[in-house]
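All remarks here apply to the structure that follows.
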Amino acid sequence: MTNTTAHRPAPSLGLLILRVVTGAIFTAHGAQKIFEYTIPGTVGSFAGMGVPFAEIAAPVVAFVELIGGILLMLGLFTRPVGVVLAIDMLVALVLVHLPAGLWVGEGGYEFVAVLGAAALALALTGAGRFSIDGAVLRGRAPAWLA
């Protein structure tokens, strides 16, 4: 049986757009936590929102979002990075945003839900062929990695 869709670029272009936009947003939010708010400021913010172990969670989240976002844009280790970022957003949704309802303007979860869903979709599908995973790792790494 032949896979007739293997050479069609549209699915990989769609994944490229999703990766770049989602990765850019994660990168911006991680950079904001590190460079604008600073790590001590982010720790204080997390503590004020009731995040447990804010001294550990804040720098971990900041660097996961910054580095994970960059890796998504490049399409490098997309599947595991997507899982980690989806978990990041699930925790933010449950710990901080869920009690505020849906609307982001009221502190709600709509934004983190979309980012989490996008990260999870990339974890499930992979990066597509227009990526470092597709160009370098495909066939050389386990499927869960590339």
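If you average 1/r across every pair of different Cα atoms in the chain and take the reciprocal, what Kirkwood value do you get, in Å?
Hydrodynamic radius (Kirkwood, Cα only) of the chain equals 15.9 Å.
Quick one: if the Förster radius is 22 Å, what FRET efficiency do Ile39 and Ile87 give, using the C-beta to C-beta distance and rounding to 0.05? With R0 = 22 Å, the Cβ-Cβ based efficiency is 0.60. Going by accessible surface with a 1.4 Å probe and the largest first, Met89, Met49, Met73 read Met49, Met73, Met89.
Quick one, could you list the DSSP H helices from the chain stretching 18 Å or more along their long axis (Cα atoms) with average Kyte-Doolittle hydropathy of 0.0 or above?
Those that clear 18 Å and a mean of 0.0 are 10-31, 54-74, 78-92, 110-125.
Here is how the number arises for the chain: DSSP H runs of 4 or more residues each give -39500 (n - 2.57), the sum is divided by the residue count, and the result at 222 nm is -19000 deg cm²/dmol.
If you take the beta carbon distance between Leu98 and Gln32 as r and set R0 to 25 Å, what does 1/(1 + (r/R0)^6) give as a FRET efficiency, to the nearest 0.05? For R0 = 25 Å, the calculated efficiency reads 0.70.
Relative contact order, percent, of segment 54-126 when contacts are C-alpha pairs under 8 Å separated by at least 6 residues? Before the final figure, lay out each step's value.
Details: 74 pairs, mean separation 23.3, N = 73.
Here the relative contact order equals 32 percent.
Measuring r between the beta carbons of Glu55 and Ala135 and using R0 = 30 Å, the FRET efficiency lands at 0.15.
Given +1 on the Cβ of Lys and Arg, -1 on the Cβ of Asp and Glu, and no further charges, what dipole in debye does the chain carry about its Cα centre, rounded to the nearest 20?
700 debye
The values are calculated or read from the model by the stated rules, or taken from the named source; none is laboratory data. Remember, predicted model here, so these are calculated numbers, not experimental data. Reconstructed Cβ throughout: ideal geometry from the backbone, glycine too, with neighbour counts over all protein chains shown. Please note that ligands, DNA and RNA were not included when accessible areas were found on the heavy atoms of the full protein model with its side chains. Shrake-Rupley method; radii C 1.70, N 1.55, O 1.52, S 1.80 Å.
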